[in-house]
Amino acid sequence: MNEAATPLQRLFRILVTVGPGALWLFLFVLLPTFLVLLASFMSRGPYGELSGPLGFHNYLRLLEAPYLKAFAQSLLLGALTTLLAALLGYPLAFYLAGHPRRDLLLLLLLLPFFTNFLIRVYAWLVLLQREGLVNAFLQAFGLGPLSLYPSFLAVLLASLYTFLPFFVLPVYASVERIDWQLLEAAYDLGARPFRAFLHAVFPQTYPGLFAGSVLVFIPAMGTFVVADLLGAGRVVLIGNLIQQQFGLTRDWAFGAALSVFLMGFVLLSLYFYARLQGERGLEDLV
Amino acid sequence: MRRLLSFHALLVYLFLYLPILVIVALSFNESRRGVHFTGFTLKWYQGLFQDPRVLEYFLNTLTVALVSTLVSTVLGTLLALGLVRYRFPGKGFLRYLLYVPVVVPDVVMGISLLLLFAFSRELLGFPRLSLLTVILGHITFQMAFVTLVVRSRLLLLDPALEEAARDLGARGFQTFLYVTLPLAWPGVAAGALLALTLSLDDFVVTFFTAGPGATTLPLYIYSSVKLGVSPKVHALSTLIIGLSAFFLALGYALTRRKV
């Protein structure tokens, strides 16, 4: 007995499956996004509450020097983290893909990543502080102690540490799919190892390389915790500015404008990524 | 070449494990400051277990994680099923909406929810920032991840299996309960485990949506760290590292069971 569902039954099934989730997304994702946009045009009232008048004043304020400096620092941190993640992660992905116990090695790669995010960041504070392990090591060679914490370097190291697996995993997925016959063909055609790699293997890893870059760049640029704990006021990123506006400063309208701006950066990086990878690439990202 | 790669890999793993090992070692260190090991002690763990606040924060963390994981797994699984099985107007938009919690920096996610709760409080009189608002926030990002994980699992399934069930006379709900759900189960379990980990790990969204009395362990760690290096935090971190290792191994065992 093969009964086709009536239109009413179909509607019922769609409502039951998609309905609750869709409602949730509308209430807790779409609506808040609108509220952030709305708030970004409002002003700070005398008691730190949101109030009129509406206008573009918050966006104009973004052009002031300290804020521009924070944007520059965020972009720099995102770019440097991505670069270092590529230097560490790209060769590692090849090593993992060719290893007989790669399952176990991948698990070991993920383990630090599954321990609490704050602990991973805090560990660098412990390592880099004045009486920390790194300075103890340096002093054994008669160097230092250096003031490594708080600094941009400390923020960069912790950010690299935190986001590195986001780079390795997509590249690893690409490396696993490499067609190695192309490399042999390149050798047969007389290419030397470096050229052969550059033209026969490297382009095949583009999807993973692009995905990994986006996955590291976005959170590194958007972080506030890493800079908060390891920059301790010396490194101020967009994320820190946002947190300040919603914390002590209590200027939610300006904080909302900063958030819209940060989202702009995120969408821009996703746009470039989609241009490079095609629409399908966005789905592969997650 | 292979040797160079091995050496590089060794360095990367050293980079990954050194910070964690230092924390674990320091949690057993007699001395309060510095990295010189002056003697083995369990006093930081004792201090941790005797602190009634830590127990309260632990229970808060657990409550949030369990409730939010349960709700987000149910919502996310249903949503994934609907997205894979049916066509309906607005489906494309819904899929984009689903990516928002995945790509948005968590600080933006935190303040948008804070704004939502503030506006709602102004207009409707609820909710107060509390464990409830933290749970609502966690469900929001967890659900997106669960949906994506379950969806990719459902896309792998052979539609012929469901057709066969219907040909044999199973009704819609019976097909779902006895055919689709068992087949999708590894995806659902992996999604739930991911949701649980994300909730236990979350600091930023919790930071913006928690009110007084809704302190979780990550919030406690943050405020302790802001005050300076503390051996009690090392002890707590070591326990959390051990638990995460356990859960990861469990997840690994689950996902290795393929169809």
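Odds and ends about this structure:
- Rounded Å value of the spacing that divides the Cα centres of region B:158-176 and region A:185-200: 52
- Amide H to amide H, with H built 1.01 Å from N, A:LEU237 comes under 5 Å of no residue 5 or more places away or on another chain.
- Subtracting the Cα-Cα distance of A:ALA65 and A:LEU143 from 0.36 nm times their residue separation leaves 24.4 nm of extension gain.
- Shielding by partners - mean other protein chain Cβ count within 10 Å, residues of B:201-209: 4
- For chain B, adding -39500 (n - 2.57) for each run of n ≥ 4 DSSP H residues and dividing by the number of residues yields -26500 deg cm²/dmol at 222 nm.
- Think of it as helices only: each DSSP H run of n ≥ 4 in chain A is worth -39500 (n - 2.57), and spread over all residues that comes to -22500 deg cm²/dmol at 222 nm.
- Here B:LEU157 and B:LEU254 are evaluated by their C-beta separation; at R0 = 22 Å the FRET efficiency comes out at 0.80.
- DSSP H segments from chain B that extend 18 Å or more along their own axis, Cα-based, with Kyte-Doolittle mean of 1.6 or above: B:2-27, B:106-124, B:131-156
- Think of the protein assembly as shown as a dipole: +1 on every Lys or Arg Cβ, -1 on every Asp or Glu Cβ, centred on the Cα centre; then among B:ALA144, B:PHE49, B:PHE208, B:PHE49 lies furthest on the positive end.
- Seen through its C-alpha gyration tensor, with square-root eigenvalues sorted a ≥ b ≥ c, region A:193-264 comes out prolate because a/c lies at 1.5 or above while a/b is bigger than b/c.
- Each label was represented as a point 7 Å from its Cα along the Cα-to-Cβ direction; for A:GLN181 and B:SER224 these points are 5.8 nm apart.
- By the beta-carbon count within 10 Å of each Cβ, the least crowded to most crowded order of B:ASP202, B:ASP167, fewest first, is B:ASP167, B:ASP202.
- Summarising the amide proton neighbourhood of B:SER31: residues at separation of 5 or more, or on other chains, whose placed amide H is nearer than 5 Å comprise B:THR38, B:GLY39.
- Cα gyration tensor category, rounded, prolate or oblate, for the protein assembly as shown with a/c compared to 1.5: rounded
- Using 0.36 nm per residue and subtracting the Cα-Cα separation, the extra length available between A:LEU248 and A:PHE26 on full extension is 76.9 nm.
- Within the same chain, aspartates and glutamates fewer than 8 places from A:LYS69 are excluded, and of the rest, those with a Cα less than 20 Å from its Cα are A:ASP228, A:ASP251.
- Peptide A:85-96 is shielded by partner chain Cβ atoms: per residue, an average of 3 of them sit within 10 Å of its Cβ.
- Sites A:ALA97 and B:LEU243, calculated FRET efficiency, Cβ-Cβ separation with R0 41 Å, nearest 0.05: 0.85
- Of the chymotrypsin sites (Phe, Trp or Tyr not before Pro) found in region A:27-61, those in coil by DSSP whose Cβ has at most 12 other Cβ atoms within 10 Å are A:TYR47, A:PHE56.
- Among A:ARG13, A:ARG250, B:ARG171, A:ARG120, the order by Cβ neighbours within 10 angstrom, fewest to most, reads B:ARG171, A:ARG250, A:ARG13, A:ARG120.
- Fully extending the segment from B:LEU18 to B:GLU30 would add 2.3 nm, taking 0.36 nm per residue of separation and subtracting the current Cα-Cα distance.
- In a reduced charge model with +1 at each Lys and Arg Cβ and -1 at each Asp and Glu Cβ, region B:1-150 shows a dipole moment near 460 debye about its Cα centre.
- Cβ-derived FRET efficiency at R0 25 Å, A:LEU15 paired with B:LEU168, nearest 0.05: 0.40
- Of interest is the spacing of the C-alpha centroids, which for region A:19-73 and region B:197-231 amounts to 24 Å.
- Close amide-amide hydrogen proximity is noted between A:GLY45 and A:LEU50, A:SER51, each under 5 Å apart and 5 or more residues distant or on a separate chain (H modeled in the peptide plane; Pro and chain starts excluded).
- Dipole magnitude for region B:118-259: about 260 debye, using +1 per Lys or Arg Cβ and -1 per Asp or Glu Cβ, origin at the Cα centre.
- Residue (of A:VAL216, A:PRO145, A:LEU230) at the positive-pole extreme of region A:140-242, dipole from beta-carbon charges: A:PRO145
Laboratory data are not the source of any read-out in this text; all were calculated from the coordinates shown. All values reported here derive from a predicted model rather than from experimental measurement. Don't worry about glycine lacking a Cβ; one is built from the backbone with ideal geometry, like all the others, and counts go over all protein chains shown.
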